[in-house]
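*Asks:* Here you go, one structure.
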Amino acid sequence: MPRELSAWGSLLPCGGASAAGGSPLPRPGRSSRGARGGAAALEPSRARPGRGRGAGGAAAMEAEMWTNSINQANKMALRAWAKEAGISLVQINGQRRYGGPPPGWVGNPPPAGTEVFIGKLPQDVYENVLIPLFQSVGKLYEFRLMMTFSGLNRGFAYAKYSNRRGAKEAIAAFNNFEVQEGRAIVVCKSTEKCELSVDGLATSVSQRELEAVLQRVTEGVLSVALYASPCQKRAQLAVLKYSSHQAAAMAKKTLMEGNMRLGGVEMRVDWLNPNLKQKLQSCEEKPSSRQVQGCKCLGVPKQTPPSPVLCNVLDHLNTLCQRQYLGTPLFLTKCVQANPKGWLRFWCRLVIPGCPVPFSGFTWVRQDGPGRSGHEEAKVAVALQVLRMLGCQLT
């Protein structure tokens, strides 16, 4: 199985245990709560021959029958409508989605300000009622209905239009609209938040550990920043930025329902409060030495004085490989980002012929003057981290 060196942290098999050393994390495609589940079909599942025997199987079949019996008439109407209209609905991790993009869409996704929030929905209402209603005022790019495990909706949804005019028309037409007799819904502009706060992290939790967990159980994370918790002593607060509101909402749900722990402490997850954000920004921030791939805005590493030991790192690694008959190490480096302050971000891979898998990851380096190039500095950083992982003492 291929392995990767995530942000120069612990050596982690892809999809393996968390960097904090806890129990194995949920992997994509599994049905455990908090994991990135695979796409769920609209049709209810059916018991297969030969399964369901024993107390556990009987209980599962009973639960499935109970789930399918809830709101059965409306579920049948939804399936008939979807088949007749040729509508494809995909359910992933607690939300059922149409579009994003819809069939025939050409170009980039709609800009910010095109999504509306729909609240106070009757829980037995489905897309066969809601999509035609909201599509009557403008072209829908995406419609997301939040679902419970019983098959009822959770009382709210999001409709994203192809332009801002459609969103404004929807608010004007359907806010306080009675979707059922005596059941008025709320329609307003979606805030489209993209940042989460994670408070209560143990001080022993490093950024690379947190990044490794987030990259495996959530999608679309752009940046991670750690601060001293303003509310708890001897604790950290993390600010997570995601690529979209949908990605952030899914990450929030995954982290909360997954009961994730790092360093033995449960993470408390919430949307980033604007006042808290302003408070953190006003504090003197020490920029981190690591960034999640795709981040464009966080700080760069604080420079540390060069050590004379670093000059011998490459020789030390070569000597070690020769003694163990592993062959000559091969470095692959590529500069992927440059910072105005002189920092360079490199993707690096170290291939040791006698080692079954390569080491790979990202690192920041800085070239202050003549001497080694940025590529050489990146090689030194890779070699140093690999030697440390192997338990080698550099003296």
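The values are calculated or read from the model by the stated rules, or taken from the named source; none is laboratory data. A quick note: this is a predicted structure, and the numbers were derived from the prediction, not measured. With ideal geometry, Cβ positions are generated from the backbone for all residues, glycine too; neighbour counts draw on all protein chains shown. Only protein heavy atoms, including side chains, enter the accessible area calculation; ligands, DNA and RNA are left aside. Shrake-Rupley method; radii C 1.70, N 1.55, O 1.52, S 1.80 Å.
*Asks:* Among the candidates Pro340, Pro356, Pro329, which residue alone is of a type outside the set (Gly, Ala, Ser) and under 26 Å from Glu209 (Cβ atoms)?
*Replies:* So the residue among Pro340, Pro356, Pro329 that is of a type outside the set (Gly, Ala, Ser) and under 26 Å from Glu209 (Cβ atoms) is Pro356.
*Asks:* If you don't mind, there's one more thing I want to ask. For region 181-194, name all the residues that are touching a helix residue (DSSP H, G or I) at 6+ places or on another chain (Cβ under 7 Å) and either crowded, with 19+ Cβ neighbours inside 10 Å or part of a strand (DSSP E or B) (or both).
*Replies:* Those that are touching a helix residue (DSSP H, G or I) at 6+ places or on another chain (Cβ under 7 Å) and either crowded, with 19+ Cβ neighbours inside 10 Å or part of a strand (DSSP E or B) (or both): Ile185, Val187, Cys188, Lys189, Cys194.
*Asks:* Let me ask something additional. Give Cys335, Cys348, Cys355 a once-over and let me know the one that is open to solvent by less than 40 Å² (accessible area, probe 1.4 Å), at pLDDT 80 or above and not small (Gly, Ala, Ser).
*Replies:* Matching residue, one of Cys335, Cys348, Cys355: Cys348.
*Asks:* Would you confirm whether or not region 185-199 contains a residue that is free of Cβ contacts under 8 Å to residues at least 24 places away in the same chain and over 16 Å from the mean Cα position of the chain (by Cα)?
*Replies:* Looking through region 185-199, none of the residues is free of Cβ contacts under 8 Å to residues at least 24 places away in the same chain and over 16 Å from the mean Cα position of the chain (by Cα).
*Asks:* Can you tell me which residues in region 105-147 are at pLDDT 90 or above, small (Gly, Ala, Ser) and either surrounded by 21 or more Cβ atoms within 10 Å (Cβ to Cβ) or farther than 27 Å from Asn71 by Cα (or both)?
*Replies:* Listed by number, the list holds a single entry, Gly138.
*Asks:* Residues in region 87-104 that are part of a loop (DSSP other than H, G, I, E, B), open to solvent by less than 60 Å² (accessible area, probe 1.4 Å) and at positive phi: how many?
*Replies:* Residues meeting the conditions: 3.
*Asks:* Can you find even one residue in region 211-233 that is at pLDDT 85 or above, among the charged types (D, E, K, R), open to solvent by less than 40 Å² (accessible area, probe 1.4 Å) and in contact with a Leu (Cβ under 7 Å, 6 or more places away or on another chain)?
*Replies:* No; the residues of region 211-233 include none that is at pLDDT 85 or above, among the charged types (D, E, K, R), open to solvent by less than 40 Å² (accessible area, probe 1.4 Å) and in contact with a Leu (Cβ under 7 Å, 6 or more places away or on another chain).
*Asks:* Quick one: what pairs do we get from region 162-184, first residue farther than 12 Å from Gln135 by Cα, second of a type in the set (S, T, N, Q) and surrounded by 16 or more Cβ atoms within 10 Å (Cβ to Cβ), C-beta under 8 Å, 6+ apart or different chains?
*Replies:* Sorted first by the residue in region 162-184, then by its partner, the pairs are Asn163/Thr114; Arg164/Thr114.
*Asks:* Right, here's the next one. Of all the residues that make up region 234-257, how many are open to solvent by 20 Å² or more (accessible area, probe 1.4 Å) and of a type in the set (Ser, Thr, Tyr)?
*Replies:* Qualifying residue count, region 234-257: 2.
*Asks:* Another question about this same structure. If I filter region 148-178 down to residues being among the aromatic types (Phe, Trp, Tyr) and within 12 Å of Val137 (Cβ to Cβ), which single residue comes out as surrounded by the most Cβ atoms within 10 Å (Cβ to Cβ)?
*Replies:* Result: Tyr161.
*Asks:* From (1) within 25 Å of Asn175 (Cβ to Cβ); (2) assigned to a helix (DSSP H, G or I); (3) not charged (D, E, K, R), pick out the condition that doesn't hold for Ala73.
*Replies:* Here Ala73 meets the rest and fails (1).
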